[in-house]
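Heads up, the thing below is written out as structure tokens.
The values are calculated or read from the model by the stated rules, or taken from the named source; none is laboratory data. All of these numbers come straight from a predicted model, not from anything done at the bench. All Cβ positions, even for glycine, are placed from backbone atoms using ideal geometry, and neighbour counts span all protein chains on display. What goes into the accessible areas is simple: the full protein's heavy atoms, side chains included, and nothing from ligands, DNA or RNA. Shrake-Rupley method; radii C 1.70, N 1.55, O 1.52, S 1.80 Å.
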Amino acid sequence: MSFILECGNLSKAYGQTVALCNVDFKIEAGGVVGLLGPNGSGKSTLIKLAMGMLQPTSGAILIDGKTPSAATKAVTAYLPDTNFLADWMKVSQAMAYVKDFFPDFREETAKEMFGRLGIGLEQRIKSLSKGNKEKVGLILTMARNAKLYILDEPIAGVDPAARDFILDVIMRNKPEDSTIFLCTHLIADIEPILTHAVFLSRGQVVLEGGADEIRADKGKSLDELFREVFRW
């Protein structure tokens, strides 16, 4: 059995503040995984550990069987929760920038998606609306032929129509054997595409498993469970 992402008793503390505590789960390759939790639950810390931007305080995290490194970044496409594109760039220059770093970038796929969206390759990033900037970032990420796509809050702050477009881009461009690791607190919108769910609360896993198995076991949707677990 092949695991694309593994956490073994993973903990991360910032001084006296514990962000993650003994997180333990394994994700098989090929599905769409929801990392679900409210703000402050540890989602962003886990993603930064997966990308090698932070080091664990204890325990381990593995990507495709390896400790996060240049080798794992080569097979991981990461979409941060903030705009990562330089305003002065044209869309074509942003494409060239990603292509220079990642040989698996599918240029024709990106061009087709920009065409569907009506974004011209000669448009400058600074001329685009906030929503279209986010869509450009998503397209550049999903145009890679990666093993693992880590998407941090890709549908936060956009209108329902834009959410539908974003989810369509994600599923239409996901290579068959790749895995989507999708971090969000907007469960209802993404539940239909999830094959696996990891619920994080205060740095700990409170529920984890196959989406269908969780629904069958609990007799509730993931969205209903999320509201129940994280009610305030």
Problem - region 48-98: C-alpha gyration tensor shape, a/c 1.5 cut-off, then a/b vs b/c - result: prolate
Problem - Loop chymotrypsin sites (Phe, Trp or Tyr not before Pro), region 28-133, which have at most 16 other Cβ atoms in a 10 Å radius of their Cβ (DSSP) - result: Phe84, Trp88
Practice task
Give the carbon-plus-sulfur fraction of the accessible surface of the chain in %, rounded to a whole number; probe 1.4 Å, heavy atoms of protein chains only.
Solution key: 50
Exercise for the section: Check each of the GluC sites (Glu not before Pro) in region 161-218 and keep only those in coil by DSSP with at most 10 other C-beta atoms within 10 angstrom; list them in order. Expected result: Glu176
Practice task
Report Rg(Cα)/(2.2 N^0.38 Å) for region 127-206, keeping two decimals.
Solution key: 1.13
Problem - Members of Lys99/Lys126; Lys111/Lys174; Lys48/Lys218; Lys66/Lys90; Lys12/Lys66; Lys90/Lys147 lying beyond 24 Å, as alpha-carbon distances in this model show - result: Lys48/Lys218; Lys66/Lys90; Lys90/Lys147
Handout entry: DSSP-loop chymotrypsin sites (Phe, Trp or Tyr not before Pro) across region 1-56, with at most 14 other Cβ within 10 angstrom
Key = none
Practice task
Identify which of the listed values of volume of the Cα convex hull per residue in Å³ was calculated from the structure shown: (1) 116; (2) 130; (3) 149.
Solution key: (2)
Completion exercise
All alpha-carbon distances of region 1-44, grouped into 10 Å bins from 0, give the whole-percent distribution 23, 49, 24, 4
Problem - Gain upon complete extension [Ala161, Asn39; 0.36 nm per residue less C-alpha separation] - result: 41.5 nm
Exercise for the section: Using the heavy atoms of the protein chains and a 1.4 angstrom probe, tell me the accessible area per residue for region 110-215 in square angstrom. Expected result: 41
Problem - Accessible surface ranking that places the most exposed of Cys7, Cys21 first, with a 1.4 angstrom probe - result: Cys21, Cys7
